[in-house]
Amino acid sequence: MPDSCLVNLARTLVQYSTRVQPCDRVAIIGAPVSEPLMKEVFREVLRAEAHPYPMLGLEVLAGMNGLDEIFFAEANEDQLKHVLQTEYMVRTEFEVMILLKSQANSHSRSNVDPVKVQMWKKARGAMNEIFFNRSAEGKARWALTLYPTYGYAQDADMGLEEFRDYVYRTTFSDQPDPIAAWKNLHNEQQAVVDWLNGRKQVVVEGPNIDMKLSIEGRTFINSDGTNNMPSGEIFTGPVEDSAEGWVKFTYPAIYEGREVSGVKLAFEKGKVVRASAQKNEAFLMAMLDMDEGSRFLGEFAIGTNKMIDRFIKNILFDEKIGGTIHMALGMGYPETGSVNKSAIHWDMICDMRKDSRILVDGDLLYENGEFKI
């Protein structure tokens with residue numbers, strides 16, 4: 001019999017996260033190891049009277065048995081810049097995309113030449129922009145989740161069974177009615193989003209940060225499990241030229257399988273003007289020089305999921321740690337009002353649970369990891 005928590009997760013992805021409708025074309029993307037979850041999602045899509053398209057390893061970097069290693073070792077410039085037609089079709093035509101992250105080895109690209117990663121990312125920039133614009137217009141719905149693998153469990157310093165339980169707990173899949181739990185979180189977060197509506201300036205202070213940025217004319221999004229699963233954050237795209245100050249990110253910043261620790265950034269007129277890292281600084285600088293938008297913020301967010309209570313080296317979970325904020329360099333989400341365009345979107349996390357606060361237009365919003373409104 002299928003795992004009841006796995007069934008709950010699949011049902012949440014289809015019924016709640018992506019709201020699959022009859023006749024929708026639904027891409028279900030994952031590596032072979034994710035087959036148990038893929039089967040349950042496939043079943044739920046059929047029950048929703050839609051059209052499931054299971055795609056094993058659609059993206060080269062889906063962690064499908066080392067194909068990513070072979071690709072970056074062997075691909076020439078033309079191949080690096082080539083966008084798979086199936087990948088393009090899903091993002092520009094399909095109504096729904098459900099991506100099951102399922103890497104067996106999350107470090108398979110640790111030694112890849114950053115120039116190759118840069119070339120590959122740039123080639124997909126236009127396609128991804130189309131997809132996120134379609135999403136903002138309500139023409140495409142998507143959800144991203146994780147299927148527990150030994151690789152992810154090792155990153156988290158857990159055994160596979162312990163990690164599986166963590167995934168179920170943080171996605172509320174271990175609860176009798178996970179969809180009701182996500183709706184409750186939505187209501188809690190909406191109160192904060194409503195309070196922020198129409199405000200102009202954010203000041204963030206603490207031992208690891210001293211920054212100010214403008215949110216004038218921008219929209220905060222209630223991230224309640226309808227895209228990322230798990231979720232639990234509120235976020236916006238700050239005014240592009242407004243960030244001033246500095247931040248020291250308290251957890252390693254992980255991107256494309258590369259771990260960059262001790263990241264420090266200084267901003268002037270919205271742009272990163274100084275950057276350093278204790279580990280993999282060259283990779284950080286290469287990503288900052290990706291394109292015109294990669295040194296500007298595309299996102300400012302507050303994590304709210306108290307079930308996510310530890311750093312596991314997986315940004316899908318870590319950026320929602322209750323008591324933290326995160327900022328993303330690069331592409332902003334159009335629904336927030338952001339107009340920053342980039343081939344990257346790199347989230348970095350700062351702990352706010354000690355001697356830290358967020359002021360908005362001079363009013364105290366947040367202190368030591370808790371909302372104060």
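Details
- Residue 298 falls short of the stated requirement of being more than 28 Å from residue 111 (Cα to Cα) and not charged (D, E, K, R).
- Residue check, residue 159 over 28 Å from residue 75 (Cβ atoms), assigned by TED's automatic domain parsing to the domain that holds residue 72, surrounded by fewer than 19 Cβ atoms within 10 Å (Cβ to Cβ) and modelled with pLDDT of 95 or more: yes
- The condition of being among the polar types (S, T, N, Q) and touching a residue at least 60 places away in the same chain (Cβ under 8 Å) holds for only one of 173, 242, 261, 214, that being 173.
- For region 97-107, the criterion of a residue being touching a helix residue (DSSP H, G or I) at 6+ places or on another chain (Cβ under 7 Å), touching a residue at least 12 places away in the same chain (Cβ under 8 Å) and surrounded by fewer than 16 Cβ atoms within 10 Å (Cβ to Cβ) is satisfied by no position.
- Residue within region 94-114 that is over 21 Å from residue 34 (Cβ atoms), at pLDDT below 85 and part of a helix (DSSP H, G or I) present: yes
- Looking only at region 125-145, residues that are hydrophobic (A, V, I, L, M, F, W, C) and assigned to a helix (DSSP H, G or I) come to 6 in all.
- Answer residue from region 17-39, given it is in a helix (DSSP H, G or I) and buried (at least 20 other Cβ atoms within 10 Å of the Cβ) and is nearest to the chain's Cα centre (by Cα) among those: 17
The values are calculated or read from the model by the stated rules, or taken from the named source; none is laboratory data. Since we're looking at a predicted model, the values are computed, not measured. Don't worry about glycine lacking a Cβ; one is built from the backbone with ideal geometry, like all the others, and counts go over all protein chains shown.
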